[in-house]
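Let me begin by presenting the structure, written as structure tokens, before commenting on it.
Any read-out appearing in this document is the output of simple, stated calculations on the displayed coordinates, not a laboratory observation. What you are looking at is a predicted structure, and each value in this text was computed from that prediction instead of being measured. Counting neighbours? That spans all protein chains shown, and the Cβs are built from the backbone with ideal geometry, glycine included.
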């Protein structure tokens, strides 16, 4: 038992307890591990690194093809935000390699991608392909800061124009053929409305659009994307459209993103945390800060603590690296650490217990107590499991607690999350047949994990002694000779 203490710095208690199913007295093992404090990369949460950021060479575009910024902790998702015209330069001719090329670099490292395809940009004339305009779609020239301008250098479609909507519909159908239900994709923004795909026209034509326009664009996406998470921008509420657009998105199962954190400072660092309760209990909230450099240079960033404050207020599952990633990390290392410990979910094993010795033909029980130390629910869900291994590392027993789904663990303020305990009991596998039973009398290692109902680990835990597959060693179990043979 001393080895367990050395690994965990835990309170390890041995008490006498009656083992269930047989009358002998046995020692109970109780382990109370400490959180390692390490950033975690888990499904449905984490840091989002911007590879394409409207302009194709920002920010991952400047990295060497072999450089996937492995030194940035907690990155789970790589964001490809780029104009429609790059992907369909001619009607029906798609250049998917624009997405596939960078995606494969990151997918190779176990990351996911996220997409936003925009129809209006403030640095290129045709974010919507020019052939859409030539097909008869109405639109407007504009100058940034001026609005509609017959001599403006940029073109934005009329977002209600039927030709534009028809061509967009066809494009989204092709995009969905590749990506809807694709496990490589974490989420897709509804990015077809507004300059930068951000849901407003303040930096483009400045033309107002109604709630019905926003609903139409949401509907076009939900028509084609049935299985992949779609995300609505908080700026859909601008231009006096109000909460109706946001409520519509929430009612249709979308997630929420806010792209405006720390564009301004002080009490204007963010505006729409009151939208988050419509979403965060059932769908992720994604936060994106202002480009770090300009926010810093204007004096709005300061120590970045309002970014962490926004993560708390919005119950965010994702936070974005909206700058050159290594520069952002170098100047915000402590902030990155603090956000990493709170963004999304963080499943802490408060206590685990099991009988120290059981008969080979007896029953096996274990009890675990968990808390979620993150700001968001564990939306992917999962079940605790104890795995028992022999001296060679072979799996000889897997016991899943299907009665506890970690998605139900409540969230709270930092260091104040409530804990939930659960106990489950089952027979050892093939206990009645000594010729085939995998567990013979002897001493075994006990591991804990969280994952599928069939015992496959899926969620990284802040525990030491990882076996390389998200199972963590807790201690030992003695299997004694049985009495029923």
Protection-proxy order for peptides 370-377, 36-43, each taking the mean of Cβ atoms within 10 Å per residue, highest first: 370-377, 36-43
Separation in nanometres of the label points that stand 7 Å from Cα toward Cβ, at residue 163 and residue 109: 4.4
The chain - share of DSSP beta bridges that are antiparallel (%, nearest 5): 60
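So what is the relative contact order for the range 46-340, in percent, with contacts set as C-alpha pairs under 8 Å and at least six apart?
About 16 percent, as a whole number.
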FRET efficiency estimate (nearest 0.05) - Cβ-Cβ, residue 281 to residue 426, R0 30 angstrom: 0.40
Spin-label zone in the range 285-309 - amide nitrogen under 15 Å from a point set 7 Å from the Cα of residue 413 along the C-beta vector: 309
Where labels lie 7 Å past Cα in the beta-carbon direction, separation of residue 251 and residue 478 in nm: 6.4
Between 0 and 90°, nearest 10: helix 162-179 axis offset from the chain longest Cα axis: 30
Chain lengthening between residue 212 and residue 330 when straightened (0.36 nm per residue, less Cα-Cα): 38.1 nm
When the range 294-415 is reduced to its Cα atoms, the Kirkwood hydrodynamic radius in Å: 17.6
Calculated Rg and Dmax of the range 117-178 using C-alpha coordinates, Å: 12.1, 39
The range 167-230 versus the range 339-389: alpha-carbon centroid distance in Å: 38
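With r defined as the distance between the Cβ atoms of residue 64 and residue 135 and R0 fixed at 51 Å, what FRET efficiency is calculated, to the nearest 0.05?
Between residue 64 and residue 135 the formula returns 0.80.
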Rounded FRET efficiency, nearest 0.05, which uses the C-beta distance separating residue 223 from residue 34 and R0 of 56 Å: 0.70
Exposure proxy ranking, count of Cβ atoms within 10 Å, fewest first, for 50, 170, 224: 170, 224, 50
Projected area, mean over directions - the range 375-420, Cα convex hull, nm²: 4.5
Cα pair distances exceeding 36 angstrom across the chain, given as percent: 38
